[in-house]
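One structure below.
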Amino acid sequence: MKLLSTNVILISLLTTVHLDTLKEMLDKAELEIYIEETIPTVNHRYKLHYHITPPVGWMNGPNGFVFYKGEYHVFYQFYPYDTQWGPMHWGHVASTNLVNWRPLPTALRPANEQCFSGSAIDNKGIMVLMYTAHQAMKDPPYYNESQYLAFSIDGIDFHKYRGNPINIFPPTGTQDFRDPKMWRHDSHWYVVLGSKSSDQRGAAILYKSKDLIHWQFQSVLAESNGALGYMWEWPDFFEINGKFILMISPQGIVQFGDRFKNTFQTGYLVGTFTYDKCVFKQEVGFQELDYGHDFYATHTTERDGKRYLIAWFGMWESIHPEDTDGWVGAMTLVRELDLVGSRILMKPVEAITDLRQETIIEGELYPNTSIEFEKTGEIIVNLDLTETIELEITGAKVGGDTLTVRWNVDEGKMVVDRMGDIRQVGWEPLDTVTWRIFLDTSSFELFCGEGEVVFSSRVYPYGDWRVHNKSPQSLHVVAYTLKTYRA
């Protein structure tokens, strides 16, 4: 009788596991069928070609930027069923060169939890995701955030850990405890999470683990003094050129002059850190990373001694004209990072030149003359900073957005003016005195010099691109059309 009872229990357990697995497979298949059937209904008038965009629905911040089994993987916050923010999934793409991205099946789907942001690591051939499970609650503050794990042996099909949530808790008892970024150092795993103090000051909190399941609090790496906002999202922590960088996306910073004009900000602190004490000593105050209108929620990875970054090419509370077209959102170009002094430089990855096709112009662009692209282009402008320089970027058809790029010689400032909404900052070139501009259907990215100053802004022209020289002098310009494909 005892043996019979044991067998019945085992059969029941196996049947339950089998049914759970079968339901999971059917749910995944149903979602992918929905996506494939919906893709043909998407309007491509503003759809980017060489940036990551969602196949359908909504996209915001990047997750899990990692190199695994010969490819770079990027996950992203994804809601496939509408062009507004909704219950979060994890979308997924992969690339061998950080430029040409191929879509992969949706990695995570919500169950009792929304799958908020997180990170990915390669643990001896197993890809491990850690993400924030955001769950609705009956009592104030009406939600709870804990950390979940998911695993994959092929980087495509993921299974959530049955022991979720894992053993990691905020020291302050706050419900805002999210966006884990993992990495390994020596024999331990580390993770930094964004949070806030009990008196509404943003913070980045560090933990350590031997097994990825049981975590020990190490320190508060840094926290707001009040001026740096009430919540820090998307934290990242890494070493570059002998210094440690704490990258954060604070919420609640008040605009000050030309600075902090977006709804929320993204930037970094520079300092020193030792793993024996796990204390971050800040040496340089908060600096913005990108000065454009649409840049938030960064994620980095390291490969062969190079640190790469990608970010959401968007901003909360912005208008998204593509929301009537069946999709919303994009990622920036992947940038390679460097640290010179106390300033992070960002430049496009080298493989971006593989997209170049036809050379439109290599020579002088005379005053009051224009060059035209179709949907994609790259422009390199050689500059004389003793003169006023101005380019107007519009659509070839009347209407739509207009964006002006200007060097204000009197104030020594770079200015990007999108329909009267101005972003500007001082620029002191380290070496190269150029603008490198990337245009992609409805996006603009400008890299000044060696990447000392970068602007990322969404722009919605009518028709193809037209770039008009409004400077009083000729400009030496090299311009290329770029390959068109979609991820």
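The values are calculated or read from the model by the stated rules, or taken from the named source; none is laboratory data. Source: prediction; values computed, not measured. Positions of Cβ are backbone-derived with ideal geometry, glycine not excepted, and every protein chain shown enters the neighbour counts.
Scanning the range 41-64 for residues that are in a loop (DSSP other than H, G, I, E, B) and of a type in the set (S, T, N, Q) yields ASN43, THR53. If you go through the range 138-186 and pick out every residue that is of a type in the set (Asp, Glu) and assigned to a strand (DSSP E or B), you end up with 2.
Inspect all residues belonging to the range 150-170 and state whether any of them is under 30 Å from GLU283 (Cα atoms), modelled with pLDDT of 95 or more and in the same structural domain as GLN282 (by TED's automatic domain parsing). Break it down into steps so the answer makes sense when it comes.
From the range 150-170, those under 30 Å from GLU283 (Cα atoms) are 168-170; that's our starting set.
Still in the running and modelled with pLDDT of 95 or more: 168.
When the remaining residues are screened for being in the same structural domain as GLN282 (by TED's automatic domain parsing), the result is 168.
Looking for residues that are under 30 Å from GLU283 (Cα atoms), modelled with pLDDT of 95 or more and in the same structural domain as GLN282 (by TED's automatic domain parsing), one finds at least one in the range 150-170, hence yes.
For GLN135, are the conditions met, namely being assigned to a strand (DSSP E or B), touching a strand residue (DSSP E or B) at 6+ places or on another chain (Cβ under 6 Å), assigned by TED's automatic domain parsing to the domain that holds ASP276 and without any contact (Cβ under 8 Å) to a residue 24 or more places away in the chain? Give the steps one after another, and end with the answer.
Details: assigned to a strand (DSSP E or B): yes; touching a strand residue (DSSP E or B) at 6+ places or on another chain (Cβ under 6 Å): yes; assigned by TED's automatic domain parsing to the domain that holds ASP276: yes; without any contact (Cβ under 8 Å) to a residue 24 or more places away in the chain: yes.
The answer is yes for GLN135.
Kindly indicate whether any position in the range 420-438 is polar (S, T, N, Q), at pLDDT 95 or above and within 14 Å of GLY292 (Cβ to Cβ). Within the range 420-438 (the criterion being polar (S, T, N, Q), at pLDDT 95 or above and within 14 Å of GLY292 (Cβ to Cβ)), the answer is yes, since at least one residue qualifies. Taken together, GLU374, GLU411 contain a single residue that is over 16 Å from PRO472 (Cβ atoms), assigned to a loop (DSSP other than H, G, I, E, B) and without any contact (Cβ under 8 Å) to a residue 40 or more places away in the chain, which is GLU411. Confirm whether GLY399 is closer than 27 Å to THR53 by Cα, surrounded by 20 or more Cβ atoms within 10 Å (Cβ to Cβ) and small (Gly, Ala, Ser). Considered against the rule, which asks whether it is closer than 27 Å to THR53 by Cα, surrounded by 20 or more Cβ atoms within 10 Å (Cβ to Cβ) and small (Gly, Ala, Ser), GLY399 comes out as no. Checked across the range 356-371, the condition of being of a type in the set (Gly, Ala, Ser) and either in contact with a strand residue (DSSP E or B) (Cβ under 6 Å, 6 or more places away or on another chain) or crowded, with 21+ Cβ neighbours inside 10 Å (or both) holds for at least one residue. Considering the range 446-487, the qualifying strands (runs of 3 or more DSSP E), each wholly inside and each with 1 or more residues that are modelled with pLDDT of 95 or more, of a type in the set (Ser, Thr, Tyr) and buried (at least 22 other Cβ atoms within 10 Å of the Cβ), run over 453-458.
Of the residues GLY91, GLY118, the single one that is under 20 Å from GLU37 (Cα atoms) and within 18 Å of the chain's Cα centre (by Cα) is GLY91. If you go through the range 328-364 and keep only what is of a type in the set (Gly, Ala, Ser) and not in a strand (DSSP E or B), you end up with GLY329, ALA330, GLY341, SER342, ALA351.
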